[in-house]
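The values are calculated or read from the model by the stated rules, or taken from the named source; none is laboratory data. Remember, predicted model here, so these are calculated numbers, not experimental data. Because the Cβ atoms are built from the backbone with ideal geometry, glycine has one as well, and the counts that use them run over all protein chains shown. Protein only, heavy atoms only, side chains kept; ligands, DNA and RNA dropped before computing areas. Shrake-Rupley method; radii C 1.70, N 1.55, O 1.52, S 1.80 Å.
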Amino acid sequence: MTGSKFPFRGQGYDYIFCGAGCAALSLVMRMIKSGKFTDKRILLIDKGPKTKNDRTWCFWERQNGFFENIVHKKWDRLSFFSDGFSNTMDISPYEYKMIRGIDFYDHCFSEIAKHGNVEIHYGDLKSWRYHKEGLMFFIDDQQLHLPRATVFNSIYETGDSNSKTINLLQHFKGWFVETHESVFDPAIATLMDFRMPQHHGTSFVYVMPFSPTRALVEYTLFSNELLPQHEYEDGLKSYINSFLKISNYHVFDSEFGIIPMTTKKFDFFTGSAYNIGAAGGQTKASSGYTFQFIQKQAQAIVDHLIQAKDLASIPQTPGRFRFYDRVLLDVLHRKRVMGKDIFTLLFKKNKSQQVLRFLDNESSLSEELKIISTLPALPFLKAALKQF
């Protein structure tokens with residue numbers, strides 16, 4: 001593996017990845033582990049080396065996953081708080097897991113470095129296109145001509161020409177805090193705490209404790225607009241003081257992120273590339289969870305490549321789950337029901353395992369009907385009818 005500027009080693013590649021984030025690396029790591037692609041040349045194109053802990057992925061699963069050895073912390077009990085309702089849930093057989101971005105990057109790039117058939121090029125990829133002689137990539141102020149290859153794109157493009165598309169943002173500011181005294185229970189994570197003011201939109205905090213004195217405290221919102229940075233910080237300070245009852249602490253790291261929550265239609269294949277990750281619709285529109293959907297897609301792609309099957313035959317997300325997501329986003333967007341009330345009902349009137357399975361798009365139709373029946377009928381019916 002090389003991290004290069006121009007010129008490239010050689011002229012042709014079998015697989016080219018536009019972007020080298022979670023989706024591309026999850027796919028390349030599976031290609032490497034399979035041992036079936038040692039004769040294939042792979043190129044990753046990304047803006048620059050990933051040397052910072054720029055994000056945290058949280059997700060749940062029932063068994064050890066592909067990246068189990070870099071899971072930073074996991075919990076089998078989750079707390080939920082809202083006005084008038086609180087519960088600590090045993091989510092077994094699920095475990096709620098956290099992977100730090102820097103651990104993920106270091107793990108993947110150290111493994112990739114052992115394989116000479118994988119190359120990395122750093123530069124600002126502005127666009128690419130097919131032409132009669134192959135592929136043309138526009139990187140920084142240069143053009144790169146390559147023979148035809150299978151292209152995977154994970155670079156997300158904002159915007160949609162469809163005026164009916166709903167676009168919300170999940171935006172969050174997280175503080176990694178350390179206290180002088182033992183105040184956290186590292187066995188229990190807070191999945192959602194809605195006891196925050198809701199005037200900016202759906203607003204909650206989650207708390208991921210690593211030890212009795214260290215935790216990630218993250219202020220999260222679903223809304224149309226971002227907040228000034230000081231408002232995220234004010235919200236975190238207020239929560240830590242008022243609900244965690246902590247006055248003596250220091251922030252040793254922080255993170256900020258934006259995840260699109262959209263009813264936009266995503267195409268897996270565009271005619272020039274296969275879209276993967278968020279660019280391929282692997283962010284669940286109604287929750288923002290992405291990591292596990294990326295893993296499922298990556299495994300399906302590798303399985304199809306090994307079996308020489310058409311990638312277009314990979315099953316896409318069942319239409320009913322996309323419909324549920326569109327309905328929920330419509331409810332949130334039009335403020336038919338407050339987000340905190342929706343999630344409170346979900347976790348108050350259903351078993352946590354059923355809710356997690358539903359959010360994973362793995363529930364049965366009968367389970368889904370039961371869950372839907374616990375939500376306010378009229379607002380959701382109105383939102384559902386608007387989808388036709």
Taking only DSSP H segments of four or more residues, each worth -39500 (n - 2.57), what value at 222 nm results for the chain once the sum is divided by all its residues, to the nearest 500 deg cm²/dmol? -8500 deg cm²/dmol
Pick from Gly319, Gly19, Gly84: which is most flexible by mean-square fluctuation in a GNM of the chain where alpha carbon atoms under 10 Å apart are linked? Gly84
Take the alpha-carbon centre of the stretch 173-192, take the same for the stretch 18-38, and report the distance between them in whole Å. 34 Å
Identify, among Phe388, Leu27, Gly271, the residue whose Cα sits farthest towards the positive end of the charge dipole of the chain, taking +1 on the Cβ of Lys and Arg and -1 on the Cβ of Asp and Glu, with the dipole about the Cα centre. Phe388
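Give the carbon-plus-sulfur fraction of the accessible surface of the chain in %, rounded to a whole number; probe 1.4 Å, heavy atoms of protein chains only. Spell out each step's value before the answer.
Numbers: 9020 of 17890 Å².
Carbon-and-sulfur percentage of accessible area, whole number: 50.
With a ≥ b ≥ c the root eigenvalues of the C-alpha gyration tensor of the stretch 233-388, is it rounded (a/c under 1.5), prolate (a/b larger than b/c) or oblate? Walk me through the intermediate numbers first.
Numbers: a/c = 2.02, a/b = 1.31, b/c = 1.54.
Note, shape of the stretch 233-388 comes out oblate.
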Between helix 101-112 and the chain, what is the angle of the helix's C-alpha long axis to the longest principal axis, kept within 0 to 90° and rounded to the nearest 10? 20 degrees
Could you list which residues have their amide H under 5 Å from that of Leu43, counting only those 5 or more apart in sequence or on another chain, with H placed in the peptide plane? Tyr15, Ile16, Phe17, Glu119
Sites Thr88 and Leu365, calculated FRET efficiency, Cβ-Cβ separation with R0 30 Å, nearest 0.05: 0.50
Specify the angular offset, from 0 to 90 degrees and rounded to the nearest 10, of the alpha carbon long axis of helix 291-306 from the longest principal axis of the alpha carbons in the chain. 30 degrees
Only Cα pairs within less than 10 Å get springs; with that Gaussian network setup on the chain, which residue of Leu125, Leu146, Leu369 has the largest fluctuation? Leu369
Of the listed pairs Lys47/Lys126; Lys173/Lys237; Lys36/Lys114; Lys173/Lys265; Lys264/Lys284; Lys173/Lys348, which have alpha-carbon separations greater than 18 Å here? Lys173/Lys265; Lys173/Lys348
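Label the stretch 101-219 by shape, choosing from rounded, prolate and oblate, from the square roots a ≥ b ≥ c of the eigenvalues of the Cα gyration tensor; if a/c is under 1.5 it is rounded, and otherwise prolate applies when a/b is larger than b/c, oblate when it is not. Can you show the working numbers first?
Working: a/c = 3.84, a/b = 1.68, b/c = 2.28.
Oblate.
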Aspartates and glutamates within cross-link reach of Lys245: Cα-Cα under 17 Å, excluding same-chain residues under 8 positions apart? Glu178, Glu181, Asp185, Asp193, Glu218, Glu233, Asp234
Applied in sequence order to the stretch 377-387, the curve 6.51 cos²θ - 1.76 cosθ + 1.60 (Karplus, θ = phi - 60°) yields integer Hz couplings, x standing for Gly and Pro, of 5, 5, x, 6, 5, 4, 5, 5, 5, 6, 7
Net dipole in debye of the chain [+1 Lys, Arg Cβ; -1 Asp, Glu Cβ; about Cα centre; nearest 20]: 940 debye
Dimensions of the chain along principal axes (Cα, Å, largest first)? 65, 54, 40
Is the C-alpha gyration tensor of the stretch 148-201 telling us rounded, prolate or oblate? Criteria: a/c under 1.5 is rounded; beyond that, a/b larger than b/c is prolate, otherwise oblate. oblate
On a 0 to 90 degree scale, rounded to 10, what angle separates helix 339-349 from the longest Cα axis of the chain? 80 degrees
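Just to confirm, what accessible area per residue do you get for the stretch 226-354 at 1.4 Å probe, in whole Å²? Don't skip to the end; give the middle numbers.
Details: 5990 Å² over 129 residues.
Result: 46 Å² of accessible area for each residue.
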